[in-house]
Amino acid sequence: MLNLTKFLGYVAEHNPNEPEFLQAVTEVVEDLIPYINNHHQDYETLKILERIAEPERVVSFRVTWLDDNNVIQVNRGYRVQMNSAIGPYKGGLRFSPTVNLSILKFLAFEQVFKNSLTGLPIGGGKGGSDFNPKGKSDMEIMRFCQSFMTELYRHIGAETDVPAGDIGVGGREIGYLYGQYKRIQNNFTGVLTGKGVHWGGSYIRPEATGYGLLYFVSCVLDNNNDTLEGKTIAISGAGNVAYYAAEKAILLGAKVITLSNSSGTLYDEDGFTLEKLHHLATLGRDIQEFTKKYKSATFYAEQKPWQFKCDIALPCATQNELDKNDAEILVENGCICVAEGANMPSTAEAVKVFHAAKIVYAPGKAANAGGVAVSGLEMSQNAIGQQWNTQKVDSQLKAIMENIHRTCIRYGKEECGYINYLRGANIGGFIKVAEAMKAQGVV
Ligand code: GLU
């Protein structure tokens, strides 16, 4: 019989000073160990959990580049190739000064379960750099991306490892990375996703994470004979995920009252409209500027959105942005559903508050899987040399999110009827990977 404390002790000992990685592993094995002990005792002998918590490969490399003053800059680049049991490593690249091995291992670990949940043949990986894109010129970004790819190219490939974007890496960065890959390899291939629609990218990829999140929330509400119409929604973040989550929420009839970034929260008592969103997108990091044009909005410096009364909370910024105190306020204010657009935005204590209050908690690995799902569809389109139209990709995205929701119910429904989406996602994502690892022998 597997023992939770013993297993976590083993992981902590083997991965010292990696709190985020340990947090992500804990969140998963708390559900998996009872499940394995009850249904799959063979996994213990096969050491499936020890193996799944150990990256297949980790690459760390020096990224040297010249800034606009011709000063040499040195950053660290990484690629964590976590698990390839069900397909090539797949997952984004994050450029942020907060990047370290613990963060990338937690993200790569989550990605394994998320990618499996999509039903597509994609393994899990993640990478990035401690490079800080803030305040860098376009040419500095380009030189950094070129230098980063000059090492990364030898570790990736359309059938080996397919990176994409994440925090700090969007369409522009993917363009520069792809250009350098193609230049080195002389090969126009689907080695990255999130490409431009005129050069191998998929329609709906930029929108996919945010749209998919709202499709998932629609499934949650539908399951309770409810809809998004008229619901008040608090969203954190102002990047790609938050933006398209807000857009879809508005299109589906909900009222979005907040967006935020690390400088503070923008609260609009009338709710954001599509026009307001477009204006916000032109402001860059200076979201406070928004209040000059729209008087219904107030900027709360250094504050998070969770103090505002809402029916649904969508954390779409970054890991551990929503803590126990925030969770208690949300519950107290009558929030019925928290669905994560970011990866692991709720702390372990916050998740416990949601579960104790029996409100819906949809973890990122299920709720934000739409992004990587459309990346998977981009890989399929590249492989067959075709491009599908918006409607076809969008309907496939919706079908994938509905399917993930069904999987969560299948493995997460408790006797009392409460759906533990975290447990459902953990077990549902795990089974396929574990069976593939078992079939492929001791590797
Ligand atoms: N970074 C995104 C995620 O967290 C997308 C990854 C991808 O498209 O490969 O899932």
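Taking 0.36 nm per residue of separation and subtracting the Cα-Cα distance, full extension of the segment from residue 46 to residue 13 would add 9.8 nm. Each Lys and Arg contributes +1 and each Asp and Glu -1, all at the Cβ; summed about the Cα centre of the chain, the dipole is approximately 960 debye. Comparing 344, 308, 368 along the charge dipole axis of the stretch 268-417, the residue lying farthest to the positive side is 368, per the Cβ-charge model. Normalised by the number of residues in the stretch 71-212, the mean separation of alpha-carbon contacts (under 8 Å, six or more apart) gives a relative contact order of 25 percent. Rounded to the nearest angstrom and listed largest first, the equivalent-ellipsoid semi-axes of the chain from its Cα gyration tensor are 30, 29, 21. The trypsin sites (Lys or Arg not before Pro) found in the stretch 327-370 that occupy coil by DSSP, while having at most 16 further C-beta atoms within 10 Å, are 358. Computed over the chain, relative contact order equals 15 percent, with contacts defined as Cα pairs under 8 Å that lie 6+ residues apart. Under the simplified labelling scheme, the residue 187-residue 278 pair shows an inter-label distance of 4.2 nm, with each label point 7 Å from Cα along Cα→Cβ.
Full extension from residue 443 to residue 68: what is 0.36 nm times the residue separation minus their Cα-Cα distance, to one decimal in nm?
Details: separation 375, 0.36 × 375 = 135.00 nm, distance 4.63 nm.
Contour length minus Cα-Cα distance gives 130.4 nm.
Working from the alpha-carbon coordinates of the stretch 1-111, get Rg over Rh, Rh being the Kirkwood radius. Using only Cα positions, Rg/Rh for the stretch 1-111 is 1.09. A simple spin-label model places pseudo-atoms 7 Å from Cα toward Cβ; at residue 37 and residue 395 they are separated by 4.7 nm.
Between the alpha-carbon centres of the stretch 187-210 and the stretch 344-411 there is a gap of 18 Å. Site pair residue 154 and residue 226 shows an inter-label distance of 5.4 nm when each label is modelled 7 Å from Cα along Cα→Cβ.
Values quoted throughout were computed directly from the atomic coordinates according to the rules given, and no laboratory measurement underlies them. Just so it is clear, the model here is predicted, and its values are computed rather than measured. All Cβ positions, even for glycine, are placed from backbone atoms using ideal geometry, and neighbour counts span all protein chains on display.
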